[in-house]
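Single-structure report; data block below.
The values are calculated or read from the model by the stated rules, or taken from the named source; none is laboratory data. These numbers were taken from a predicted model, which means no experiment stands behind them. Note that each Cβ is placed from the backbone with ideal geometry, even for glycine, and that neighbours are counted across all protein chains shown.
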Amino acid sequence: MKKLIRKGKVKEVYDIGDGLLEFFFTDNISVFDKVIPNDVPRKGETLCKTSTYWFRRTESDLQIPTHFVERENDEHMIVKKVDIITDHHEIHGDTTNFLIPLEFISRYYVAGSLLDRINRGDVDYRKFGFTEKPVYGQKLPKPFFEMTTKFEAHDRPVTREEAKEISSLSEEELVEIEDAVMKIDTMMEKTVEKNGLIHVDGKKEFAMDENRELMLVDTFGTADEDRFWEMDAYREGKFIEKSKEFVRSHYRDIAYHQELMDARERGEDEPPIPPLPDEMVSKTSELYVSIMSRLTDGTYE
C-alpha cells in the first residue's frame with residue numbers, strides 16, 4: 001500500500017515499499033518559490049517523460065548511476081528511495097543512502113539570477129573571466145558551477161567550503177559531482193543543439209547510495225529545471241525562452257517579482273502570486289509539450 005510522504009510544489013512522492021518511491025508529476029507550476037494558482041495542462045506529463053529520457057541516456061551513454069527504475073505511465077515514475085536528512089549535522093563522512101542537501105547549478109550564459117547578482121554587485125563579474133560588465137545573454141568565458149542550499153526557506157548560493165560542511169562531502173566527492181554535471185550537460189547540449197536549442201543553465205541533484213556511491217536523483221533536463229533559448233533567434237540577438245523562464249518573465253513584466261523581492265528584503269509578508277491569464281496558461285502548456293519533443297530528440301511527441 002503506497003503512502004504519501006511528501007507533497008512538493010509540483011510533485012507528490014509516495015513510499016510504495018521495497019525501497020522504492022513513486023513520483024506523481026502534477027500540472028502545478030511554481031516560480032520564485034510560489035505555486036501559481038493555475039494548472040498547466042500536460043505539464044506533469046512532459047516532466048515525467050523528459051526526465052525518463054535523460055535518466056536512460058545518462059545510464060546508457062555515460063554509465064552514471066541514477067535512481068530511476070521505470071516510468072509507469074504519463075505522470076508516474078518509480079525510483080529508488082534514499083533518506084532525506086534535513087539537519088545537516090546528522091550527515092557524516094560515512095553516511096550512506098541519503099539525499100545530498102545541495103542543489104548543483106551549471107551556467108553557460110549570463111541570465112536569470114546570475115545577472116541579478118552581478119547587477120546588484122553581489123558577485124564580481126571578473127571572477128567569470130569578463131573584463132567588462134556583461135549584459136543579458138552573453139556566453140560565459142567558461143562554464144560556471146555553483147551550489148545552493150536545499151532545505152532552507154529560500155535557496156542561497158554557498159561557497160565550496162560551506163557546501164562541504166553542509167553535505168559532509170569530501171573534496172574528491174565534490175569533484176566527482178562536478179565532473180558528472182559537465183558530462184551530462186555535454187550530452188544534453190549535443191542533443192538539443194541539433195534540435196535548434198541552446199542550453200543556457202540547469203539544476204541537478206545527487207544522492208549517495210547504500211555503498212556511498214554517487215547517484216543522480218530527482219529530475220533534470222526539463223523545462224522546469226533548465227533554461228533553453230531558440231538558437232536561430234539568439235544568433236539574431238533575440239531571446240526566445242523555451243523553459244519556465246517564459247512564465248517567470250510574465251511575473252517580472254507585471255512587476256510582481258519586484259514586489260515579492262522587496263517584501264522579502266524588508267522581512268514583510270509576501271504578496272500572494274496572482275493566477276496566470278487564460279491565454280498564458282494555454283501558451284505555457286503548448287511550450288511544455290513542444291519542448292518535450294525537442295529535448296527528447298523526438299522520442300515523445
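Just a few scattered comments:
- Residues that are out of contact with any Lys or Arg (no Cβ under 8 Å at 6 or more places or on another chain), of a type outside the set (Asp, Glu) and surrounded by fewer than 19 Cβ atoms within 10 Å (Cβ to Cβ), drawn from the range 99-134: 113, 115, 117, 119, 120, 121, 126, 127, 130, 131, 133
- Residues of the range 37-63 that are in contact with a Ser or Thr (Cβ under 9 Å, 6 or more places away or on another chain) and not in a helix (DSSP H, G or I): 38, 39, 40, 41, 42.
- In summary, helices (runs of 4 or more DSSP H) completely within the range 171-262 and bearing 2 or more residues that are farther than 19 Å from residue 63 by Cβ and touching a Lys or Arg at 6+ places or on another chain (Cβ under 9 Å) occur at 171-193, 245-253.
- Answer residue from the range 84-123, given it is under 30 Å from residue 234 (Cα atoms) and out of contact with any Asp or Glu (no Cβ under 9 Å at 6 or more places or on another chain) and is modelled with the highest pLDDT among those: 110
- Subset of the range 19-36 (residues that are assigned to a loop (DSSP other than H, G, I, E, B) and of a type outside the set (S, T, N, Q)): 19, 27, 29, 32, 33, 36
- Restricting attention to the range 43-70 and to residues that are touching a strand residue (DSSP E or B) at 6+ places or on another chain (Cβ under 7 Å) and of a type in the set (A, V, I, L, M), the residue that is nearest to residue 183 (Cα to Cα) turns out to be 64.
- Some residue of the range 273-285 being exposed (fewer than 13 other Cβ atoms within 10 Å of the Cβ) and of a type in the set (D, E, K, R): yes
- Lone qualifier among 81, 11, 7 - being basic (Lys, Arg) and touching an Asp or Glu at 6+ places or on another chain (Cβ under 8 Å): 81
- Counted residues, the range 227-259 - those being out of contact with any helix residue (DSSP H, G or I) (no Cβ under 8 Å at 6 or more places or on another chain), buried (at least 16 other Cβ atoms within 10 Å of the Cβ) and at pLDDT 95 or above: 4
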